[in-house]
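The values are calculated or read from the model by the stated rules, or taken from the named source; none is laboratory data. Nothing here was measured: the structure is a model prediction, and the numbers come from that model. With ideal geometry, Cβ positions are generated from the backbone for all residues, glycine too; neighbour counts draw on all protein chains shown. For the accessible areas, the whole protein counts, side chains as well, though only heavy atoms, and no ligand, DNA or RNA atoms are used. Shrake-Rupley method; radii C 1.70, N 1.55, O 1.52, S 1.80 Å.
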Amino acid sequence: MLQVSNARATWLAQQVLPHEAALRSWLHGRSSMMMEVDDVVQETYAVLAGMDDVSGIQNPRAYMFTVANNIMLQHLRRSRIVPIESISEIEQYNVPDRDPTPEQRLSLQQDLRRIGRIIAQLPPKCREVFMLRRIEGLSQREIAARVGISENTVEKHVAKGLRLLMGAMAAGAADENPDKGLEQQRGYGWKKRKAVD
Amino acid sequence: MVGRNGKPSIDEVAADWVARLDRGSLNAEQSADLEAWLAADARHFGAYARARAVFASFDRAPALGPQFDPAQFLQANEPRDEVLDSSRRRFVVGGALAAGLVLGGGVGFAAWRDGRYSTAIGEVRRVPLADGSVVTLNTATRIKVAFSSAVRRVELLQGEAMFDVSRRAGIPLQVVIGAVSLLAGEAKFNVRSERSRGVNLLVSSGRVDVYPGGGRQDVRVPADVEMQIGGVGDLQRQPVGPAQAERKLAWRDGMIAFQGETLAQAATEFARYSRQHIVIDDPGVASRTVTGLFSATNPAGFARAVATSYDLHLKITSDAVLLSAA
């Protein structure tokens with residue numbers, strides 16, 4: 001059966017998620033392909049999560065781009081209505097970036113600041129529950145008892161918070177540029193902040 | 001986000017499943033439902049894996065501490081100009097090119113952004129420079145960046161910084177630390193300014209020319225060599241192995257690495273990163289040695305580990321951590 005181990009989830013969080021915004025913008029640049037960017041990204045994660053072993057992957061960023069490219073190619077080959085140019089365009093592809101050096105990667109402190117910033121911008125109820133769960137490490141049951149709400153409600157807050165964070169990550173909150181993220185998600189009615197120079 | 005026909009989106013369903021699993025194990029019926037949903041479409045499995053990854057990316061959140069205050073945190077951690085935004089960079093480079101044309105050629109750095117950058121105690125900060133070089137600042141560090149048409153100059157006013165210099169034909173990067181001056185082309189090196197002992201230089205790649213001042217001969221330092229440049233007298237140089245270099249640069253990940261240092265030396269090192277100082281009155285305790293990798297901003301955690309392994313008495317106050325014989 002299909003499952004995602006904790007170790008694989010951690011690997012995806014550390015090695016893949018930080019490059020997702022770059023992948024999305026690269027995919028948007030080739031949007032003549034009539035495939036939804038979200039679909040390509042989801043299928044890319046499906047491939048990376050379904051692999052038996054990822055320890056041999058030296059450069060996860062390049063690997064992710066290659067997988068996404070293959071997924072687009074497959075879709076194009078299956079659909080007969082696509083003009084030949086788009087296939088050759090995809091076949092001549094180059095992974096757009098080299099592996100980041102340690103100096104280019106986020107330092108642990110910057111990473112922690114980013115996590116704090118993302119949590120701080122969640123809607124209040126969601127944030128309270130998410131902080132108890134992820135900062136203080138209480139279980140959902142313990143949170144229900146502490147806050148005085150039902151376990152079902154706690155679960156709903158965790159799900160909503162996670163859903164918002166997934167959107168924020170798509171907008172680049174996990175990316176190397178920390179100035180993007182939640183505040184780009186206008187639709188959720190979160191506090192807008194002035195653009196930073 | 002709600003999909004067509006008012007149905008929840010794939011991401012919503014995925015998030016719901018991860019939250020359900022986080023609550024506790026699934027019963028047989030729920031397990032079967034999840035299994036069926038995951039198998040129905042590759043995008044379902046992908047969205048679920050991604051939701052798990054996003055949740056796991058907050059595994060480090062406990063380090064924010066139980067006193068984490070969102071409002072205060074946002075105020076104190078406004079995103080700063082760690083990365084120049086691309087529109088500005090384009091504008092500024094355009095300005096530089098225009099200036100170059102007016103002057104009749106050459107690459108002008110004049111219009112590129114100069115400035116001062118600093119870190120607070122316990123902070124590590126990455127500062128990308130306009131020429132593609134990157135300076136990473138360790139705790140309590142101040143630098144001043146000044147680029148002109150002929151010089152790339154960075155002054156290290158205080159603290160420690162790692163330089164990753166990109167090549168510019170004919171224009172080396174100059175690092176000035178008091179009377180000492182360093183010149184480098186494409187190179188990586190760490191510079192630490194120590195008030196009492198002068199300047200410590202560690203070259204990881206490329207080479208760095210050292211102009212020690214005080215009438216002393218200049219010298220070229222190759223990769224994998226460390227040099228101590230004192231206020232007066234000889235320059236001391238020694239080769240540095242990869243493991244040793246890695247330890248000395250652990251600060252870039254917010255860590256301190258010890259390999260047989262005494263507790264007294266460790267306390268001095270920790271004092272650079274936190275206002276909470278480690279105090280050891282007993283010389284017998286202070287001369288014990290320690291090896292390991294520790295979080296630089298957590299002196300209490302370090303002291304706790306030491307107290308446990310050496311069976312010492314530990315007292316923690318808001319501004320000090322006291323270690324003594326039990």
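Give me a count of the residues in the stretch B:235-276 that are in contact with a His (Cβ under 9 Å, 6 or more places away or on another chain) and surrounded by fewer than 19 Cβ atoms within 10 Å (Cβ to Cβ). Total satisfying the criteria: 1.
Residues in the stretch B:17-33 that are part of a helix (DSSP H, G or I) and surrounded by fewer than 21 Cβ atoms within 10 Å (Cβ to Cβ): 10 in all. Among residues of the stretch B:303-326 being touching a strand residue (DSSP E or B) at 6+ places or on another chain (Cβ under 7 Å) and assigned to a helix (DSSP H, G or I), the one that is most open to solvent (accessible area, probe 1.4 Å) is B:Arg304. In the stretch B:139-150, the count of residues that are closer than 25 Å to B:Tyr273 by Cβ and open to solvent by 50 Å² or more (accessible area, probe 1.4 Å) is one or more.
Starting from the stretch A:56-79, take each residue that is within 22 Å of A:Ala21 (Cα to Cα) and list its partners that are β-branched (Val, Ile, Thr) and part of a loop (DSSP other than H, G, I, E, B), counting only C-beta distances under 8 angstrom and pairs at least six apart or across chains. Close Cβ pairs satisfying both conditions: A:Pro60/A:Val54; A:Arg61/A:Val95; A:Ala62/A:Val95; A:Tyr63/A:Ile57; A:Phe65/A:Val95; A:Thr66/A:Val95. Taken as a whole, the condition of being within 23 Å of B:Arg192 (Cβ to Cβ), open to solvent by less than 50 Å² (accessible area, probe 1.4 Å) and either assigned to a loop (DSSP other than H, G, I, E, B) or out of contact with any Gly (no Cβ under 6 Å at 6 or more places or on another chain) (or both) applies to B:Gly292.
Out of B:Gly170, B:Gly213, one residue alone is open to solvent by 20 Å² or more (accessible area, probe 1.4 Å), assigned by TED's automatic domain parsing to the domain that holds B:Pro128 and either touching a Gly at 6+ places or on another chain (Cβ under 9 Å) or assigned to a strand (DSSP E or B) (or both). It is B:Gly213.
Could you check how many residues of the stretch B:177-199 are surrounded by fewer than 18 Cβ atoms within 10 Å (Cβ to Cβ) and either of a type in the set (Val, Ile, Thr) or not assigned by TED's automatic domain parsing to the domain that holds B:Lys144 (or both)? Summing the residues that are surrounded by fewer than 18 Cβ atoms within 10 Å (Cβ to Cβ) and either of a type in the set (Val, Ile, Thr) or not assigned by TED's automatic domain parsing to the domain that holds B:Lys144 (or both) in the stretch B:177-199 gives 0. The single condition from (1) out of contact with any helix residue (DSSP H, G or I) (no Cβ under 7 Å at 6 or more places or on another chain); (2) modelled with pLDDT under 90; (3) of a type in the set (A, V, I, L, M, F, W, C) that B:Ala267 fails is (2). A residue that is open to solvent by 30 Å² or more (accessible area, probe 1.4 Å), closer than 30 Å to A:Ala21 by Cβ and modelled with pLDDT of 90 or more cannot be found anywhere in the stretch A:139-147.
Residues in the stretch B:277-286 that are in contact with a helix residue (DSSP H, G or I) (Cβ under 8 Å, 6 or more places away or on another chain) and open to solvent by 70 Å² or more (accessible area, probe 1.4 Å): B:His277 only.
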